[in-house]
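Down below is the structure, laid out as C-alpha cells.
The values are calculated or read from the model by the stated rules, or taken from the named source; none is laboratory data. The structure displayed is predicted, hence computed values, not measured ones. Note that we place each Cβ from the backbone using ideal geometry, even for glycine, and neighbour counts take in every protein chain shown. Heads up: the accessible areas ignore ligands, DNA and RNA and are worked out on the full protein's heavy atoms, side chains in. Shrake-Rupley method; radii C 1.70, N 1.55, O 1.52, S 1.80 Å.
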Amino acid sequence: MRRLGLSAVLGLLLALFGLAPSASADPAPAALTFTADSATTTPGGTVQLSMTLTNNKTYDVLFVYQTIEPTWLTTQRPDLKYSFTGCTLATAAGSAPCAGTGPSNLGQNYGATIPPGQSRTVTLTLQVAADSGCNGNIGFYSYYYAEFSDATNASGGPVFTPETRVLCA
C-alpha cells in the first residue's frame, strides 16, 4: 500500500511540472487519403478516384512509391470488368497528365518534391466496362513509401479507397 501511495504522489508531481509523457500522438509524416466523385456507376460509366498525399513533416518529400490493388472481395467477382484509363496530377496551373495508370508504381505521378505542409492530388479514371456485371462493389487498397530530404522515410497502409457500386438499370 505504501508503494502505491508513493507512486501516486510521484506521478502527480511529474504531471504538475509537465514531465509526464503526453497522450497526444504526432501526425504521420505522410498521409494518403482517397476520395471518389461517385459511390455508384453503371456499366460503361466512369468514376474519378482521387488520391491525396500530404507531407506532415518539416522536410521535403523527395520520393514516393505507391501501389494500388483490388480488394479481395473485388477479385472474387470475375463478372466485374474495369480498368484505369486516365491519370491527372493537380497543379497550380491546372491539371497535368500523369506518367502512368494503375495498378503499378503510382509514386512518380505525384510530381517532384512535396514541400512541408503541402499536398499533391492524383486522380485516376476508373472505367467500368460496358459488359461488366452488376450489383458488385469495386474497391482498392494501397501501400505507400515516402523518402524525405532529411534521409528518413515513412511507409503506410493499407489505405482503402471508397468502394464504387456497379448498378444496372
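Annotations for the structure displayed:
- Total formal charge among the other residues, if their Cβ is under 13 angstrom from that of Thr74, Lys/Arg +1 and Asp/Glu -1: 0
- Our coupling estimate for region 134-144, obtained by passing each phi through the Karplus curve with A = 6.51, B = -1.76, C = 1.60 and θ = phi - 60°, is 10, 6, x, 9, 10, x, 9, 9, 9, 10, 9 Hz, Gly and Pro reported as x.
- Here region 109-162 yields Rg over Rh of 1.11, to two decimals, using C-alpha coordinates and the Kirkwood radius.
- Solvent-accessible area per residue for region 45-140 (1.4 angstrom probe, square angstrom): 46
- Cα-only Debye scattering, region 40-169: base-10 log of I(q)/I(0) at q = 0.16, 0.20, 0.22 Å⁻¹: -0.80, -1.10, -1.25
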